[in-house]
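Beneath this line is the structure, given in structure tokens, with notes to follow.
The values are calculated or read from the model by the stated rules, or taken from the named source; none is laboratory data. Note that the structure is predicted; figures quoted are calculated from it, not measured. Note: ideal-geometry Cβ built from the backbone for every residue, glycine included; neighbour counts use all protein chains shown. The protein model used for the area step is the full one, side chains on, heavy atoms only, and it has no ligands, DNA or RNA in it. Shrake-Rupley method; radii C 1.70, N 1.55, O 1.52, S 1.80 Å.
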Amino acid sequence: MSEVILSVLGTAQDAGLPHPNCFCKNCTQAISNPQFRRLAASLAIIEPDAETWHLIDATPDLKEQLARLQMKYNLQGKLMDGIFLTHAHLGHYPGLLFLGREAIGASGIPVLAGTKMKHLLEEQAPWSQLTKLGNITVQEIQDGQDIQVSPLVTVTPVDVPHRNEFSETFAFWIKGPNKKVLYVPDIDRWHEWKHDIHAVCEEADICLLDGTFHSSKDLEHIGRDYREIPHPLMVETMEQLQELAEKTEIYFTHLNHSNPAIDSEQSIRQEIKAKGFHIAEEEMEFRL
């Protein structure tokens with residue numbers, strides 16, 4: 001049977017690491033040493049034998065992510081066969097502009113998005129230029145709708161509560177021939193979701209979950225209140241899912257630059273590992 005690879009293209013919260021105008025420990029380290037950089041959270045579903053691939057979220061780092069993927073999988077010059085969008089926040093859709101007239105000049109790239117997101121891309125500048133010039137073709141998707149990406153892969157959007165100023169927000173189920181992955185890079189709070197997070201993760205072989213903040217202390221040193229940027233805390237997620245960690249692979253992604261779990265030398269990183277959880281890293285691969 002042909003291989004299906006889920007490749008991690010980025011693991012950072014929207015603005016990446018280093019974060020603009022920040023010189024905290026994590027950012028200073030990433031400025032000084034590029035090996036500590038993190039690109040904005042994104043995934044790719046790749047079928048090497050068919051030479052096809054699909055992107056989940058077009059980040060501000062798309063140019064670099066695209067080049068890395070094409071070189072790694074011998075897909076030089078091969079654009080994605082489709083793009084699934086989670087929502088309309090900074091880290092998740094501005095990369096679409098690289099498909100436009102000023103850059104790649106793509107033709108007819110399918111972009112799969114919710115109703116409000118479709119309207120934004122078709123009616124609001126500068127995104128509307130992409131649709132009018134035919135660089136992208138927006139296809140509307142709905143909560144719970146199975147999308148057959150190929151004979152081997154199904155992607156299913158799942159509506160999640162988030163700050164939906166401009167669009168709805170989706171998580172995604174990604175189902176391959178052998179494994180089922182839950183991808184939730186952004187959500188406000190687990191208890192606000194219509195689904196029980198424990199029950200949902202129990203269905204998955206692999207989970208990639210919102211790890212924006214480790215605890216409520218993450219933003220104290222820069223004078224911001226994490227409640228202004230609602231995300232579940234990693235400490236709470238681990239408490240809720242502790243008993244699943246032995247049978248389900250659970251990774252945290254979408255890490256804010258302030259998150260102490262980024263520092264591989266710190267005891268916090270070791271505590272997460274000791275509890276059976278993982279931190280997602282760029283270029284990780286999962287065989288589905």
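Which value, to two decimals, describes the C-alpha radius of gyration of the range 20-106 once divided by 2.2 N^0.38 Å? Don't skip to the answer; put the middle values down first.
Details: Rg = 14.5 Å, N = 87, 2.2 N^0.38 = 12.0 Å.
For the range 20-106, the normalised Cα radius of gyration is 1.21.
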Practice item. Taking the Cα centre of the range 130-208 as origin, sum charge times position over the Cβ atoms of Lys and Arg (+1) and Asp and Glu (-1), and report the length of that vector in debye to the nearest 20. Key: 300
Exercise for review: Pop a pseudo-label 7 angstrom from the Cα along the beta-carbon direction at both GLU192 and GLN270 and give the gap in nm to one decimal.
Suggested key: 3.6
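Would you mind telling me the share, in percent, of accessible area of the range 43-159 contributed by carbon and sulfur at probe 1.4 angstrom?
50
Arrange the peptides 122-131, 175-184 so that the one whose residues have, on average, the most other Cβ atoms within 10 Å appears first. Walk me through the numbers before you get to the answer.
On the way: 122-131: 14.4, 175-184: 19.4.
So the order, starting with the most tightly packed, is 175-184, 122-131.
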Exercise for review: Report Rg/Rh for the range 107-172, rounded to two decimals, where Rg is the Cα radius of gyration and Rh the Kirkwood radius.
Suggested key: 1.01
Exercise for review: Quick one: pull the percentage of alpha-carbon pairs in the chain with a separation above 32 Å.
Suggested key: 21
Review point. Where only protein heavy atoms count, and the probe is 1.4 Å, what is the accessible area per residue for the range 84-236 in Å²?
Key: 42
Exercise for review: Output ³J(HN,Hα) for the range 277-288: one whole-Hz value per residue in order, computed from phi by the Karplus curve 6.51 cos²θ - 1.76 cosθ + 1.60 with θ = phi - 60°, and x for Gly and Pro.
Suggested key: 9, 9, 9, 5, 10, 4, 6, 4, 10, 10, 7, 9
Review point. Using 0.36 nm per residue, how much length does the chain from ARG101 to SER215 gain when fully extended, once their Cα-Cα distance is taken away?
Key: 36.8 nm
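With charges only on Cβ, +1 for K and R and -1 for D and E, what is the dipole size of the chain about its Cα centre, in debye, rounded to 20? Before the final figure, lay out the partial values.
On the way: 25 positive and 42 negative charges, 131 e Å.
The dipole of the chain has a size of about 640 debye.
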**Study point:** Of LYS175/LYS247; LYS247/LYS275; LYS72/LYS273; LYS179/LYS247; LYS25/LYS217; LYS180/LYS247, pairs whose Cα-Cα distance is over 20 Å
**Key:** LYS72/LYS273
